[in-house]
Structures are given as C-alpha cells and as structure tokens.
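The block underneath contains the structure these notes are about, expressed in structure tokens.
Please treat every number below as a calculation from the coordinates, not as lab data. For clarity, every value in this text was computed on a predicted model and none was experimentally measured. Virtual Cβ from ideal backbone geometry, glycine too; neighbours counted across all protein chains shown.
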C-alpha cells in the first residue's frame, strides 16, 4: 500500500486544510497516512524562517487564501483563528503521546476543529481537555504524561527527524525521502507514493 | 472574456513555471492574461519578506519543487538557475517597455528560457540582448529607452499598483481585486475569473 508520512505541527495554519481533508483523501486514493507531529516553531527559529510575524500583508493573504481553499473542501472556518498559539509545544506533546498510543488523528482533528471552527486556541483549555476527551482519553492522565520528560524527548526526536528529511514547514508530506511542502502539494505527494 | 492580471517579476524563480505554461492555459481556458511586470525585490525589502536568502534548506526545497513541477508541465530546466539576479531591475524595465509596446510576453518567455534552460542570467548579456532581439526588437534602442527616467517611473508605478492590491510575491494572479499567489494558484485564479 502507498504510504505517505504526514508531518505537521498543531499551530500551523495551513495544516488545518490537510488535517480536515486527509481522511477523505485516504479513502479516495487508498493511500495510508502516518501522522507525524513535530515542533515546527523550533525548526523555523533554527532556520531563521519566520513566515508571518511582522508581515501583515502576507498574513492577511494567508487567511484569505485558507478561507477560499477551505470553502472548496466544504469547510467553514472562522477566519482569522487565534494565532500564534502560546500552547504550541504542549499541543504537540499531546499529539506525540497520541501517536504512540494510537489516537493522534482523532485528537488532532478535534483540536483543529475547535481552533478553526469555534475560535478556541489549541494547546490550552477548554480546547485541549475537550479534544483529548473526544479522542477517548482521560485529560488528567494525558496531560500528566504528555508533560513528562520522555514525551518532551520524543517530540524533540521527531523534530530532529523532520529536519534530517529537509523539512522546514508544516504541513509536509514525505514519501521515500522526497518531501512535498504545503497542503497544495498533497496531490503531488500521493502521485509520487503511487508511482512506486 | 475572463481576464486575469499576471503580476510577475523577472528574477522570481517560481514565475518560470507560469511564464512557460501561460499560453497553453490561455488556449485551454479561453482566459486572457495581462502581463504586468513589477519589482518584487522592492516589495520584499519594503515588507521584510525575504523568502530564500540565508535559508539554505528552504532554498534547496524550492529548486527541487520547481524541477518536479516543471517536469509535469513538460519543461526541462537546468536546476539551479543563476540566482539571485543582479540585473533584476533592468530585466523588468525592459519588460515594462515591452508591455507598453506589445512584445512583453515574447521577451519574458525568451529571457526565462535562456535563464532557466541555458543557465544564462536574465537582465544581462548575452541573455538580455538576445531575448530582446527574439521579441523582434532592436536591443540598442530598447536598452536605451528602458533605462530612461520614464520607464523607471513606470516600473515604480506598477510596483505601487501591485502593493495597493496586496501583492507581496511573484507570481500573483489578480482577478477583480482578489489575488492568488503562486504558480500553484493559477487554476484557482482562472476559476475565480470564470465564475464572474
């Protein structure tokens, strides 16, 4: 089966589009997606690559572009969503734990839905606990575990792995060492995976 | 007829893709494209938006992405092309004169072909004079006129017009005040133009 690694950070705006449409794309194409949360903020600071901060014209376009594209996918976001996210690291620590335990996709979709469709920032309450609960997990246990040193290390290791692949932004789709950056490269990544 | 303003700077790497495929897209869709050269470097410095300088990881991806996409359009660029272009301003002054006189599209395609397919920087010789000649013009006359104050002013005015539209990068497609940034938004722009 064609497999695509879906590298993303909760906190990335364009990743909303991929997070919401990935299940449909998987069904339609038969591709399997591996959800790989990482810390894009760490990568961007490291690489001096700051896409929207202090760039109001580009940021305004980004929201408009997401709004238009979301509509073509049948989504109805409240634009602009809260941004940037103070709780980015915690949001992704929870995702890393979810990846280890098998509920990462449900949690990520729940938290993006609250963030982009109800205006509630991911990585903090009420979004955080509600999304963990919606993924079938106990928020108290998850938040205690997600804040532990081993999950901190796991997120750092995933982030290093992403950088080793040449990843510099979220979302990025990786197929056999080839990377495709942006929700608008999802079709290219699937085609690459299927051309094996 | 559906009309799309094609805002671009010779010097932008991704614009190569649009410059080369626009005639086909126009034929296929019936859309009319108005070629609008502007000075993207001025806009980027003004807006503190520097996409690739000192960002080697992102720059490496950009070349790979252009190479892959070019292939899907049937193009065979020599990657990487010389970058950045020292002659960016002159290259676009010539384009502005070409827009006034009706040979902008031929000149732009000729100069991009030499830049991306023969490794000869646009905005300087031999690329510059050869591309002007290929567009049916006398290089001596064109270079004299393109360096004049009135063309300098015309390029500055086009650049101001682009910024007033919210444009921050090249290529950008503009349709009735709506802007679409990137070669990968060309289809969206055409759809918007045709949904009038």
### Task
Report, please, the projected area of the stretch A:29-125 averaged over directions, based on the convex hull of its C-alpha atoms, in nm².
7.6
### Query
Most fluctuating residue of B:28, B:176, B:68 in a GNM of chain B with Cα springs under 10 Å: which is it?
B:28
#### Entry: GNM flexibility winner over chain A from A:170, A:158, A:76 (Cα, springs under 10 Å)
A:76
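What order do you get for B:94, B:89 when you list them from fewest to most C-beta neighbours inside 10 Å? The partial results should precede the final answer.
Working: B:94 33, B:89 20.
The order, fewest Cβ neighbours first, is B:89, B:94.
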### Query
Can you give the Rg to Rh ratio of the stretch A:62-107, both from alpha-carbon atoms, with Rh computed by the Kirkwood formula?
1.11
### Query
If you average 1/r over every pair of different alpha-carbon atoms in the protein assembly as shown and take one over that average, what Kirkwood value in Å do you get?
22.4
#### Entry: Exam field: residue B:160 pseudo-label spacings to other copies (7 Å along Cα-Cβ), nanometres
5.4
#### Entry: Order of B:75, B:97, A:120 under a 10 Å beta carbon neighbour criterion, fewest first
B:75, A:120, B:97
#### Entry: Length-normalised contact order of chain A in % [C-alpha pairs under 8 Å, at least 6 apart]
31
### Task
Give the chain A residue with the shortest beta-carbon distance to the rotation axis relating chain A to chain B, plus that distance as a whole number of Å.
A:184, 2
### Query
For chain A, modelled as a Gaussian network with Cα springs under 10 Å, which listed residue fluctuates most, A:111, A:159, A:145?
A:145
### Task
Can you tell me what the convex hull of the Cα atoms of the stretch B:69-196 projects to on average, as an area in nm²?
8.6
### Query
Roughly how crowded by other chains is peptide B:185-192, in terms of the mean Cβ count from those chains within 10 Å of each of its Cβ atoms?
1
#### Entry: At 7 Å out from Cα toward Cβ: residue A:86 inter-copy label distances (nm, ascending)
5.1
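Ranking B:79, B:10, A:179 by Cβ neighbours within 10 Å, fewest first, what do you get?
Numbers: B:79 15, B:10 29, A:179 22.
Lowest count first: B:79, A:179, B:10.
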#### Entry: Label spacing, shortest first and in nm, from residue A:52 to its equivalents in the remaining copies (7 angstrom along Cα→Cβ)
2.5
#### Entry: Expected 222 nm ellipticity per residue - DSSP helices of 4 or more, -39500 (n - 2.57), all of the protein assembly as shown, to 500
-17000 deg cm²/dmol
